[in-house]
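Q: Below you will find the structure I want to go over with you.
Bear in mind that the values in this text are calculations on the coordinates, not laboratory data. Predicted, not measured: the structure shown is a model, and the values here were computed from it. When we count neighbours, we look across all protein chains shown, and the Cβ atoms used for this are built from the backbone with ideal geometry, even at glycine.
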2 protein chains.
Amino acid sequence: MAGLVASESIVVPDKMLESSGINVVQAEVTKVDAANKSVLVSGGKEFKYDKLILATGSSSFIPPIEGNDLEGVMTLRGLDDAEKIKSYIADKNPKNIVLIGAGFISMEIATLIAEHMPAQFNITVIELMERPLPLMLDKDMSDSVQAYLEGKGLTILTGEKVEKLTGQDGKVTGVTLASGKKLDAGMVFMNVGVRPNIGLAKDIGLEMARFGIKVNPFQETSDPDIMAVGDCVEKINFITQKPTPGQLRGPAVMQGRIAAKRLAGIDVEFPGVVDAGGCKMFDMTITATGLTEENAAKEGIETICAVVDSRSKHGMIPGMKPWKIKLVFDKKTEKLIGGQIVSHAIAPAREIDAVTAFILGGKTIPELTTFTSACNPDISSEPSAEPITVAAEQALMKSRKG
Amino acid sequence: MAGLVASESIVVPDKMLESSGINVVQAEVTKVDAANKSVLVSGGKEFKYDKLILATGSSSFIPPIEGNDLEGVMTLRGLDDAEKIKSYIADKNPKNIVLIGAGFISMEIATLIAEHMPAQFNITVIELMERPLPLMLDKDMSDSVQAYLEGKGLTILTGEKVEKLTGQDGKVTGVTLASGKKLDAGMVFMNVGVRPNIGLAKDIGLEMARFGIKVNPFQETSDPDIMAVGDCVEKINFITQKPTPGQLRGPAVMQGRIAAKRLAGIDVEFPGVVDAGGCKMFDMTITATGLTEENAAKEGIETICAVVDSRSKHGMIPGMKPWKIKLVFDKKTEKLIGGQIVSHAIAPAREIDAVTAFILGGKTIPELTTFTSACNPDISSEPSAEPITVAAEQALMKSRKG
């Protein structure tokens, strides 16, 4: 089980906060009295505030299907959930594990179980869309991921909708799909999205937006003394400039930093969400940023795309691994709007941060054909075939052809 | 000796070029008759051209000191030199190896010999400036590199000037420093810079610039039918907009691509040189881009700098390695103008390409405080401590204070 959950190291200890002069109170907030600027917590204690920051996060969405309350149906948001999954597997030894939703949390859990648990498990991932990691990768990139994971013994059922969960003695025993298929399941993991925790904000009477609490670029809500940050807040997508849930860890942390700076008298605006993320499954690392070709199309953006196969090191260096990158450009403006990397080494996957930086810089196809990476035979692919540059050249050829 | 030189894989075979319809002629060019648009080669053959591209490269600079022509004094530009070094070491088994100049070529050769050769070698690197890798790293970054390499058994003498090489029977046996120190040396490697090969261009009568052949942003020389690319050409530094030799592999390759596009009727301007580069020594990877703090000062640019220590993975993941990054900002404009990474894992060193992308995008200190990387516990440091972002915040604090 080693490697699945290492709880002691992932939470900042209260002592560390307290030594910085921060008073840590673990209690449920029962009421915020915005008129009197006070917070009531369970147990009856009251705290006065000058500024209040809401960081209420989000909760796993449990689809309203039959059997969703059976024992053995799991979700994952925090450490408690991770411990629950771990001990359920250890206690019940469920032979068949079914994961609903092929987002990166599901996929990492599926592969961690396959890597660290006894080999007798049957692991099946069910996805409504026609591919795994549908929000990160287009189908031309996810196909090789799916083949790789199936080669590792995972079953991935795509284009399948879950109808209900079946059970015996209050415990989950199976999953029935809308297509009529029935799967045995000793444990079911659900990863079909999260919902912002906005109950408290609503009680206070703060202005709401479509995807959460409404804030300005400095994280201020409609109440000038209440700020809000993270998954409970609606964000703006940097590329489309449209509202988005943006519920990833990166933007949440960033909004916390922006709120802190605002309180310290330093005004930096939140630039919007680029949706950069990554996951690791066995020795495959996947990173993505911006819009996929598919999501761009949904936004009405015509695209020019290019896929380039590369290597993690120069061909003459032992230990080089294959990787590939897809770049997505806006056909009209020729601006870079997205990137996807599938890599069998970790290092090339970090190249996605350069893609994000180019998106933030508004760089275009012709400009990217002149990018020169910090090349070295041991740390990157050949400078004569820098994948970002080559992808831009492919895009340039497509663009000039018409 | 394995790993030192793998000659068969680093040169594009003639056959590959010929199958693309390219006629490969290996001969010395004796004369270019620009008026008649013809090239004469050794053996007397003549080739007519519509467009001529000069890619004459550069040669190692041999300082005019006594003993520089002794046997056992080596430089490195091409495969032949590498084979010469390899066979000299195998044949002569020189106990003491001295490398003059602590640039990245010297340092990689020194560490490759230390890694792949018998352990009885004494390897000494002599550098005129007060640190190794003086063009890539400021002293606050190079100090840990020097300590690491000395820990691996290399001797690095900084602030030392070589006065002469001494020999016996025509073979090098020692190095005398201006400080009076004398070192035994069975082999001496010189890496003190390169000079552009501009003899042919001068014979043609092309316009010259300070650091090489003068070209426009499309790689065209003063003769409309002659282009020039690579080390033989003067470039513009992207940041200072001043002339620079820019003799790295990346810009050379890029200029070739720009010339090719120009000939194909696609005009993309060379944006200038950012000077991004990398090297690997044992398990330490070093990358750098833009200006160092020192070079910025030489250009009269006041800077704000920040150094951040980080880890290659989240603290809870086994196998995480330390790395650190330095960012250099222009104090007046607050724009990013340089970055340096020293890492004990390869992956974080690639983050330098994001730094280059931000430099190219003209991003400022406040903007970089909002950067969100594609974070994942396995492939990057914590999102709450993204080193580029944290470095920008440090710079922001310094900037607002002063």
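Q: If the label for A:Arg77 sits 7 angstrom from Cα along the Cα-to-Cβ line, what are its distances to the same label in every other copy, in nm to one decimal, shortest first?
A: The answer, with the shortest distance listed first, is 6.6 nm.
Q: Can you pick out the pairs among A:Lys324/B:Lys298; B:Lys86/B:Lys181; A:Lys164/A:Lys331 whose Cα atoms lie more than 32 Å from each other?
A: As for pairs spanning more than 32 Å Cα to Cα, those are A:Lys324/B:Lys298; A:Lys164/A:Lys331.
Q: Here is a further query. Distance from the Cα centre of segment B:351-402 to that of segment A:300-363, in angstrom?
A: If you average the Cα positions of each part, the centres end up 20 Å apart.
Q: Fewest first, what order do B:Ser381, A:Ser399 take by the number of other Cβ atoms within 10 Å?
A: Sorted ascending by nearby Cβ count, the order is A:Ser399, B:Ser381.
Q: What percent antiparallel are the DSSP beta bridges of the protein assembly as shown, to the nearest 5?
A: Around 70 percent antiparallel, to the nearest 5.
Q: Name the residue, out of B:Ser19, B:Ser310, B:Ser144, whose mean-square fluctuation peaks in a Gaussian network model built on chain B with Cα pairs under 10 Å.
A: Result for chain B, Cα springs under 10 Å: B:Ser19 fluctuates most.
Q: Here's a follow-up. By count of other Cβ within 10 Å, fewest leading, how are A:Arg257, B:Arg249, B:Arg77 ordered?
A: Ranking A:Arg257, B:Arg249, B:Arg77 by Cβ neighbours within 10 Å, fewest first, gives B:Arg77, B:Arg249, A:Arg257.
Q: Straight-line reach from B:Lys45: which lysines have a Cα under 17 Å away, not including same-chain ones fewer than 8 places off?
A: Output for B:Lys45: B:Lys31, B:Lys37.
Q: Shifting gears a bit: Running a GNM on chain B with Cα contacts under 10 Å, which residue among B:Pro245, B:Pro94, B:Pro377 ends up with the highest mean-square fluctuation?
A: Answer for the Gaussian network model of chain B: B:Pro377.
Q: Starting from the Cα gyration tensor of chain A, take the square roots of the eigenvalues, sort them a ≥ b ≥ c, and report rounded, prolate or oblate (rounded when a/c is under 1.5, otherwise prolate if a/b is larger than b/c, else oblate).
A: It comes out oblate by the Cα gyration axes.
Q: Still on this structure, I have one more. Helix-derived [θ] at 222 nm for the protein assembly as shown: sum -39500 (n - 2.57) over DSSP H runs of at least 4, divide by residue count, nearest 500?
A: -7500 deg cm²/dmol
Q: Something else now. If r is the Cβ-Cβ distance from A:Asp50 to B:Ala264 and R0 is 56 Å, what FRET efficiency results, to the nearest 0.05?
A: 0.30
Q: For B:Lys37, which inter-copy label distances result when the label point lies 7 Å beyond Cα on the Cα-to-Cβ vector, reported in nm to one decimal and in ascending order?
A: 8.0
Q: State, to one decimal in nm, how far the label point of A:Lys139 lies from the label point of B:Lys181, with both points 7 Å from Cα in the Cβ direction.
A: Using points 7 Å along Cα→Cβ, the separation is 6.6 nm.
Q: Separate question: Determine the shielding of peptide A:337-347 by partner chains: average, over its residues, the number of Cβ atoms on other chains within 10 angstrom of each Cβ.
A: 2
Q: Work out the FRET efficiency for B:Arg195 and A:Lys331 from their Cβ-Cβ distance, taking R0 = 35 Å, and round it to the nearest 0.05.
A: 0.15
Q: Would you mind classifying segment A:46-144 by shape? Square roots of the alpha carbon gyration tensor eigenvalues, ordered a ≥ b ≥ c; an a/c under 1.5 is rounded, otherwise it is prolate if a/b is larger than b/c and oblate if not.
A: Oblate, because a/c is 1.5 or more while a/b does not exceed b/c.
Q: Next question. Exposure proxy check: A:Thr333, A:Thr124 ranked by fewest other beta carbons within 10 Å?
A: Placing the least packed residue first, the sequence is A:Thr333, A:Thr124.
Q: Provide the three semi-axes, in whole Å and in decreasing order, of the ellipsoid equivalent to the protein assembly as shown as defined by the square roots of 5 times the Cα gyration tensor eigenvalues.
A: Listed largest to smallest, the semi-axes of the protein assembly as shown are 53, 30, 28 Å.
Q: Shape verdict for segment A:283-401, please, from the Cα gyration tensor: rounded (a/c under 1.5), prolate (a/b greater than b/c) or oblate.
A: prolate
Q: Related question: Name the helices (complete DSSP H segments) of chain A with a Cα length along the long axis of 15 Å or more and a Kyte-Doolittle mean of at least -1.0, or state none.
A: Correct list, ordered by number: A:79-92, A:104-116, A:139-151, A:249-263, A:387-401.
Q: Also, quick follow-up: Using the basic label-point model (7 angstrom from Cα toward the beta carbon), what is the A:Met208 to B:Ser38 distance in nanometres?
A: 8.5 nm
Q: Find every distance from the label point of B:Gln241 to the corresponding label point in the other copies (7 Å from Cα along Cα→Cβ) and write them in nm, one decimal, shortest first.
A: Distances between equivalent label points, in nm: 2.8.
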